[in-house]
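First the structure, in the form of structure tokens, and then the observations on it.
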Amino acid sequence: MQYYIVEFSKYVIALLMGIYTLEAFIALGKHRDDEKTGVFVRQNVYMFFVQFLAYLSMCLQTGQIEYLFFYAFLQIALFSTIILYQMIYPKSNRLIINNMCMMLSIGFIMLTRLDYDKAMKQFFIVVISLAAALIIPFFVHKLRFIKHLKWLYGTVGISALGMVLVLGQVTQGAKITYNIAGVTLQPSEFVKIIFVFFIASLLYKAATLKEVVISAGFAAIHVLILVASRDLGSSIIFFMGYLFMVLIASCNYLYLIAGFLCGGGAAIVGYHLFSHVRVRVQAFLDPFSVIDNEGYQMSQSLFAIGSGKWFGMGLYQGTPKDIPFVESDFIFSAIAEELGGVFALCLIMICLNCFLAFLKIAMDLDDIYYRLVACGLAVMYIFQIFLTVGGGMKFIPLTGVTLPLVSYGGSSVLTTLILFSIMQGLYILKFTEEKEQEKARIKSEKAALKKMKAEKSKAGVKMKNVEKEVQDFV
């Protein structure tokens, strides 16, 4: 009986994930919020059953009853987040909240299967991060002076990256982390958000050649520090985010073409300068020829994805732990192996759905500063997903970045939750702008009406004077 429950559950999970994804795009296409309410409620139900079946399957196979207790606490945390967002911010974007919680759910399912201790640690980080992220939308749509803090953003960002270059710990050949009071932080994750605010502050007033050159100089400092730290994945994300922010601010495609040419040249230089870049390129070109060394990770990732087929081998039926650093860099491969290609494709589509929702928010904003912020964060988010999934599938060379909200990593999950909260704040800001525009329109109409009445009154007085003069003349 246990075998049939486990085997049947993987098909039901894939089906529910597919329906959830379809509903996400249906909600994205609707304009009125009252038309989406039923969709959002159904999505919450699908999310509940996906988690329930996954944890039930793991509990049956391992006999670990604590998995069900962990599942219960996870449900409380996620559904509390959904309810609190609706209570505190009635105008919040429910689609983004649901997608955020679904991706966290998927991450916890795989982390529990791979390493229960790491799943517990991630859970505490997520709970604290969600509590902190709840207040961010308020500050985003209330504190309008943040657009004037460009030099603060630049100083903090460059200083944080410079500190990790000097004092950071070497992890997998790169200096990407340092410890503060026993807590390991990855500054580049936090600086990504600061960097977007910085570039938006430089370009929102004007995007002439002078402003573009100045912003390019500061962007180059950020990227070069990351390259010197050998954090090449983050450097690519920063670079792409900057390029598209310049494109949006200037509407000049020549800047984008020039940026890609410079990026291509820098990639060639990096290939010749850094040995670990050449190793990753070799592993990308032919991983099986170096399967015992450089190509081992990639080879195991490809084996995992291929063995999962459409509906996966089932939780605890595969061997995802054969992939080094599977919890952080290759969790997508583990998902494809045990939950299947259908589930993995739906996960990619949910990420794409979030990206499109972010762009929709950006296009609805009238303030160019906030539009640049929204677009910059959206591009960085989707490009990180591209690097992670593309690297695991041998579409591009490995870069060692995490899958947002799904992979293990405290700094990654915290900054991604902050990113989602900022987008919520910008979504709420849209309604604030609409109210301000409506107030301005009403004020303008009242002024025009008052002026019309005044002119009419003056015309009436003049008419009476004329009539009086005519009578006196007669």
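If only one of PHE420, PHE431 is surrounded by 11 or more Cβ atoms within 10 Å (Cβ to Cβ), of a type in the set (Phe, Trp, Tyr), within 28 Å of LYS360 (Cβ to Cβ) and modelled with pLDDT of 85 or more, which one is it? Result of the check over PHE420, PHE431: PHE420. Within region 11-34, being small (Gly, Ala, Ser) and under 25 Å from ALA336 (Cβ atoms) holds for ALA14, GLY18, ALA24. Only one entry of LEU352, LEU365 meets the criterion of being of a type outside the set (Val, Ile, Thr), surrounded by fewer than 24 Cβ atoms within 10 Å (Cβ to Cβ) and within 14 Å of the chain's Cα centre (by Cα), and that entry is LEU352. Quick check on region 259-301: of everything there that is closer than 25 Å to SER229 by Cα and among the hydroxyl-bearing types (Ser, Thr, Tyr), which residue is surrounded by the fewest Cβ atoms within 10 Å (Cβ to Cβ)? Result: SER275.
Here is a yes/no grid of residues against (1) basic (Lys, Arg); (2) crowded, with 17+ Cβ neighbours inside 10 Å; (3) more than 28 Å from the chain's Cα centre (by Cα):
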site	(1), (2), (3)
GLN2	no, no, yes
PHE8	no, no, yes
TYR11	no, no, yes
GLU23	no, yes, no
LYS36	yes, yes, no
PHE48	no, no, no
TYR55	no, yes, no
ILE82	no, yes, no
GLN86	no, no, no
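Here LEU256 does not fit the description of being farther than 30 Å from ASP322 by Cα, exposed (fewer than 12 other Cβ atoms within 10 Å of the Cβ) and either out of contact with any Lys or Arg (no Cβ under 8 Å at 6 or more places or on another chain) or modelled with pLDDT of 80 or more (or both). Tell me, please, whether a residue that is out of contact with any helix residue (DSSP H, G or I) (no Cβ under 9 Å at 6 or more places or on another chain) and hydrophobic (A, V, I, L, M, F, W, C) can be found in region 305-313. There is no residue in region 305-313 that is out of contact with any helix residue (DSSP H, G or I) (no Cβ under 9 Å at 6 or more places or on another chain) and hydrophobic (A, V, I, L, M, F, W, C). Residues satisfying the criterion are present in region 356-365 (criterion: of a type in the set (Asp, Glu) and closer than 22 Å to PHE420 by Cα). Residues that are among the aliphatic types (A, V, I, L, M) and assigned to a helix (DSSP H, G or I) were ranked within region 54-73; the one that is farthest from MET313 (Cα to Cα) is ALA72. Quick check, is LEU134 crowded, with 18+ Cβ neighbours inside 10 Å and touching a residue at least 12 places away in the same chain (Cβ under 8 Å)? So LEU134 fails the test.
Looking at region 329-349, which of its residues are in contact (Cβ under 8 Å) with a residue 24 or more places away in the chain and surrounded by fewer than 18 Cβ atoms within 10 Å (Cβ to Cβ)? ILE348, MET349, listed by residue number.
Here VAL406 fulfils each of the conditions (1) over 25 Å from LEU243 (Cα atoms); (2) modelled with pLDDT under 85 apart from (2).
The values are calculated or read from the model by the stated rules, or taken from the named source; none is laboratory data. Note that this is a predicted model, so its numbers are computed, not measured. Please note: Cβ atoms are built from the backbone with ideal geometry, for glycine as well, and neighbour counts cover all protein chains shown.
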